[in-house]
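The values are calculated or read from the model by the stated rules, or taken from the named source; none is laboratory data. No experiment lies behind these values; they were computed from the predicted model shown. Note that each Cβ is placed from the backbone with ideal geometry, even for glycine, and that neighbours are counted across all protein chains shown.
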Amino acid sequence: MTVAATTEKENSAPVTTTDAPTTDSAAAAGAASDAQGRTLPVLAVDLVTTPELLGSLAELARGLEDAGVGALTLSDGGLHPIHVASHLAPLTRSVGLLPRTDAIYVEPFHLATQLMSLDHISHGRAGWLLLAETDPAVPPTVGRELLSLEQTAREAADVLAAARLVWDSWADDAVVRDTEKGLYFDASRLQYADARAETFSVRGPAITPRSPQGLLPVLVADTDREAVGEAATAAADGRVLDVDLAAGADAVRSALETALSGAEDGQAGEGQPALRLVRLTGLDLDADPLGTVQALAADLRAAGLIAPVPSAGVDLRTQLGLAPAPHVADPVRRSDRARLTSKESA
Amino acid sequence: MTAGHWPLPTAPELSEEARALATGTAEHPIHPEHTPTGQLAFGVFFQGVNSSTIWRLPESGDQVAWESFESLIRTAERGKFAAFFLGEGLRLREHRGVPFELDVAGRPDAQTLLSALAAVTSKIGLVATQNTTFNDPVDLARRLQTLDLLSGGRAGWNIVTTDNAWTGENFRRGGYLDHADRYTHAEAFVQVAEQFWRGEKISHDGAHYTVRAEGTLPRSAQGRPTLFQAGASPAGQDFAARTSDVIFSPHASLSAAVDFRRSIVERTVAAGRDAGAVKILPGAEIVLAETEQEADEKVRWVRDLQIGPEQAIALLEQYWGRDLSEFDPEGPLPDVPPEVEESGVTRGAGFQYAKAEELTRTWREEAKEKGQNILEFARVKSGARRGEFTGSYDAVADRLAEYAALGAIDGLNITPWLIPSGLDDIVDHLIPRLQERGVYPEDYAGDTLRENLGLPPL
Ligand SMILES: Cc1cc2nc3c(=O)[nH]c(=O)nc-3n(C[C@H](O)[C@H](O)[C@H](O)COP(=O)(O)O)c2cc1C
């Protein structure tokens, strides 16, 4: 990973502001696990954001939520996936909302801000399905050349690291509204991102206060893993099993069983993130999408293959079995350094 | 002044000031080509990061919580507001090298938020301030078109061109653009966006980058997002006259609004467009009460809450360029010289350091002469005690009716000093009076932002 958080490391041991565990633990987070102690993946349905979807979008999202789906992923079909996810936030109560969106041919600062805004708007239901674009038609839209697979993978890892630095730039309690001292926020509880990668840098801090989850869950779909690359996949919070609904209920079920037993065989070890989400693709909007999904969700749930229906008010990290992500303060990047330095020299 | 057919039939209701400012006929009081519509549209400008939103009161809500935005926009829609605006700032403001802690800071991304607000409203326009220097045109155009489609034709884009290297530190290209080129670049940017919205093949070779793309989304109910411009320079006015539908202007006083209208009409006509093609909505603060006397008291109270001792010292520090924390806000202005060498962007102020000596000396003398301490001086400098639209419900309604009769403005973009309840008295007490006077719509004209701003179809 080439993003350097700081240049000088002395006196800068990262400090966590709470005692919450930093390792993933289904038990700690309260997510469902099966008899073998495996965290069960959350069931997601993929919506492709084509303009044809507009008329039925609200009804479909509500219907899928009622059908027991735990998350909606938004794949790019023209309408911007982050905006579609955001539009669905006030229309739904408990489903996770995960845009599947590119990390490469975008401005990392905008991307990080948009995703953390989605987390605010959805009260902690936002996640990011990290995609690394390989379509040669995309880079010219932003005046860039297509990166090689190796460069793409490196940049995906850098953008992910930078996004997390931006997300982590305000402490939870940075907005103090201290009427005595006249302070709206406390700059000592903010830090610069100071993300420096080969192809970009981001100074920060975020222009948005910390979002409910702090660090949004970042997942990588199996179909995207090759482009995303090993480093970003390993740094992500989990993997996503992709199953085409068109293959039928039995095929979905057996794919899930295989994936779960694979995890048991230890494939979720070294550099192999745990399975967190099952993404059903190929939803047929002309058929009876709600009925199909409802039957499937009930079947998979009865078989103990997917996590329970999410409850409102519980954030996506928890639904996915991820531990909370406390703010990590780095004294070297503290945003009031200039004031400290001038006081010291005075 | 050319007397013409002036005064209008409704002249008795107009003030001396308004009559003096009119230079044309009853039909065209300000410019021979411009006919007042006599109608006003309101927008609400949720600034987010700013110095005038009071956060110290118990009724001041969370400045980033969804509930605050939802509550405010519902009130605005109840008041038939044409638009809900969000500001943008792509780097946290700093003061003397440290993020500025005294005022409201931090806000969600505008379009992400507006896409959600589109789901809980049905008529009000959704306008995002978005910068042309630190965005990619195709990415931004696609986002705006997404918002336009999600909202059924209610999207607006407030085009701004902030261009400093300090903001650029957050972006791939850095501070690549000279201030002098900001509008040339913006114009090319908007052309690319318009091609995208029309679904064309884009082949743009610009001074700073090339773009090859193709618009793939259908047209929205209003054709394309409505274009607003905010920027006060002559170059900004020309840009707006050529390309925009609405100007978000800083000119709210009657005389400044009349001058600005004349300037924009001249530029619009010179650009080959209709004299009324560009609507003008100045930013404004409204402070209302039942009587004039109560309104006066309320303004004093609002100003005191907006500018506390800390804000007063910070204001002076911007110009002195040094730490003034040891000075008593209740005492005289600092008798120390400014540090002229120290530069850098603080609070977006374009302060000229070379003139610091002269300015601080003048200020010291001015405050001494008027017997003002730091706090009193800062409160006066930060804005008049009474704004244009401060007063009793009836007085403000009359005043606005006069602006409408003259055609000085097409409405206001209101910056509430309290979030989220800051529109309540406007909607409950001012709007009904404007409706009685026939200058504010009884209901939405249509479903799109263009329709509700009175803009012709594309
Ligand atoms: C009423 C008004 C509102 C503005 N709001 C914003 C804003 O939200 N974000 C921003 O970056 N700039 C904002 N600006 C600043 C303009 O983008 C700025 O004036 C621009 O850099 C240069 O234009 P000018 O030189 O023509 O003034 C605003 C300007 C005006 C007049």
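Answer yes or no as to whether residue B:142 is among the basic types (Lys, Arg), away from the ligand (no atom under 16 Å from the Cβ) and in a loop (DSSP other than H, G, I, E, B).
The answer is no for residue B:142.
Could you list, in sequence order, the residues of the stretch B:206-222 that are crowded, with 16+ Cβ neighbours inside 10 Å and more than 7 Å from chain A (Cβ to nearest Cβ)?
Across the stretch B:206-222, the qualifying residues are B:215, B:219, B:220, B:221, B:222.
Of the conditions (1) under 24 Å from residue B:401 (Cα atoms); (2) within 13 Å of the ligand (Cβ to nearest atom); (3) in contact (Cβ under 8 Å) with a residue 12 or more places away in the chain, residue B:237 clears all except one; give me its number.
Single failed check for residue B:237: (1).
Which one of these is assigned to a loop (DSSP other than H, G, I, E, B), within 12 Å of the ligand (Cβ to nearest atom) and of a type outside the set (A, V, I, L, M): B:251, B:208?
None of the other options fit; the residue is B:251.
Restricting attention to the stretch B:62-85, report how many residues are in contact with an Asp or Glu (Cβ under 7 Å, 6 or more places away or on another chain) and either in a loop (DSSP other than H, G, I, E, B) or buried (at least 19 other Cβ atoms within 10 Å of the Cβ) (or both).
Number of matching residues: 2.
Kindly list the number of the only condition in (1) within 16 Å of the ligand (Cβ to nearest atom); (2) crowded, with 22+ Cβ neighbours inside 10 Å that fails for residue B:265.
That leaves (1) as the condition not met.
Examine the stretch A:226-248 for a residue that is in contact with an Asp or Glu (Cβ under 8 Å, 6 or more places away or on another chain), within 9 Å of chain B (Cβ to nearest Cβ) and of a type in the set (Lys, Arg), and state whether such a residue exists.
Scanning the stretch A:226-248 turns up no residue that is in contact with an Asp or Glu (Cβ under 8 Å, 6 or more places away or on another chain), within 9 Å of chain B (Cβ to nearest Cβ) and of a type in the set (Lys, Arg).
Based on this model, can you work out whether residue B:167 counts as over 21 Å from the mean Cα position of the chain (by Cα), assigned by the TED database to the domain that holds residue B:93, within 16 Å of the ligand (Cβ to nearest atom) and outside any loop (DSSP other than H, G, I, E, B)?
no
Pick from the stretch B:124-139 the residues that are out of contact with any Lys or Arg (no Cβ under 7 Å at 6 or more places or on another chain) and within 13 Å of the ligand (Cβ to nearest atom): which of them is nearest to residue A:105 (Cα to Cα)?
B:135
When the residues of the stretch B:1-56 are narrowed to those that are at pLDDT 95 or above and of a type in the set (Ser, Thr, Tyr), which ends up surrounded by the fewest Cβ atoms within 10 Å (Cβ to Cβ)?
For the stretch B:1-56, the residue satisfying everything is B:37.
On the given criteria, is residue B:378 assigned by the TED database to the domain that holds residue B:298, buried (at least 21 other Cβ atoms within 10 Å of the Cβ) and within 19 Å of residue B:299 (Cα to Cα)?
So residue B:378 fits the description; yes.
Tally up the residues in the stretch B:287-312 that are more than 12 Å from chain A (Cβ to nearest Cβ) and either more than 25 Å from the chain's Cα centre (by Cα) or among the acidic types (Asp, Glu) (or both), please.
Of the residues in that region, 8 qualify.
Return the total of residues in the stretch B:241-250 being under 14 Å from the mean Cα position of the chain (by Cα) and either crowded, with 22+ Cβ neighbours inside 10 Å or touching a residue at least 60 places away in the same chain (Cβ under 8 Å) (or both).
4
Output the residues belonging to the stretch B:268-291 that are more than 16 Å from the ligand (Cβ to nearest atom) and touching a Phe, Trp or Tyr at 6+ places or on another chain (Cβ under 6 Å).
B:288, the sole residue that qualifies.
Residues of the stretch A:72-88 being over 11 Å from residue A:47 (Cβ atoms) and crowded, with 24+ Cβ neighbours inside 10 Å, which ones?
A:80, A:82, A:83, A:86, A:87
State all residues of the stretch A:189-225 that are within 13 Å of another protein chain (Cβ to nearest Cβ), over 30 Å from residue B:50 (Cα atoms) and among the polar types (S, T, N, Q); if no residue qualifies, say none.
Answer for the stretch A:189-225, where residues must be within 13 Å of another protein chain (Cβ to nearest Cβ), over 30 Å from residue B:50 (Cα atoms) and among the polar types (S, T, N, Q): just A:199.
Just to verify a result, which residue in the stretch B:114-133, among those that are facing chain A (nearest Cβ under 7 Å) and surrounded by 23 or more Cβ atoms within 10 Å (Cβ to Cβ), is nearest to residue A:79 (Cα to Cα)?
Filtering the stretch B:114-133 for residues that are facing chain A (nearest Cβ under 7 Å) and surrounded by 23 or more Cβ atoms within 10 Å (Cβ to Cβ), the one nearest to residue A:79 (Cα to Cα) comes out as B:115.
Looking at the stretch B:97-113, is at least one residue of a type in the set (A, V, I, L, M), under 14 Å from residue B:47 (Cα atoms), more than 7 Å from chain A (Cβ to nearest Cβ) and not in a helix (DSSP H, G or I)?
Looking through the stretch B:97-113, none of the residues is of a type in the set (A, V, I, L, M), under 14 Å from residue B:47 (Cα atoms), more than 7 Å from chain A (Cβ to nearest Cβ) and not in a helix (DSSP H, G or I).
Looking only at residues that are more than 8 Å from chain B (Cβ to nearest Cβ) and hydrophobic (A, V, I, L, M, F, W, C) in the stretch A:74-100, which one is farthest from residue B:142 (Cα to Cα)?
Result: A:95.
Taking the stretch A:102-122 as the region of interest, how many residues are of a type in the set (Phe, Trp, Tyr) and more than 8 Å from every other protein chain (Cβ to nearest Cβ)?
Matching residues across the stretch A:102-122 total 1.
Consider the stretch B:29-54. How many of its residues are under 18 Å from residue B:278 (Cβ atoms) and free of Cβ contacts under 8 Å to residues at least 60 places away in the same chain?
Total meeting the criteria: 1.
Just one of (1) more than 8 Å from chain A (Cβ to nearest Cβ); (2) crowded, with 20+ Cβ neighbours inside 10 Å; (3) farther than 21 Å from residue B:48 by Cα trips up residue B:176, so point out which.
(2)
To keep it simple, each residue is scored yes or no on (1) over 19 Å from residue A:304 (Cβ atoms); (2) modelled with pLDDT of 90 or more.
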| residue | (1), (2) |
| --- | --- |
| A:245 | yes, yes |
| A:257 | no, yes |
| A:261 | no, no |
| A:265 | no, no |
| A:271 | yes, no |
| A:280 | no, yes |
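Among the numbered criteria (1) more than 8 Å from chain A (Cβ to nearest Cβ); (2) under 19 Å from residue B:156 (Cα atoms); (3) touching a residue at least 60 places away in the same chain (Cβ under 8 Å), which one does residue B:89 miss?
All conditions pass for residue B:89, except number (1).
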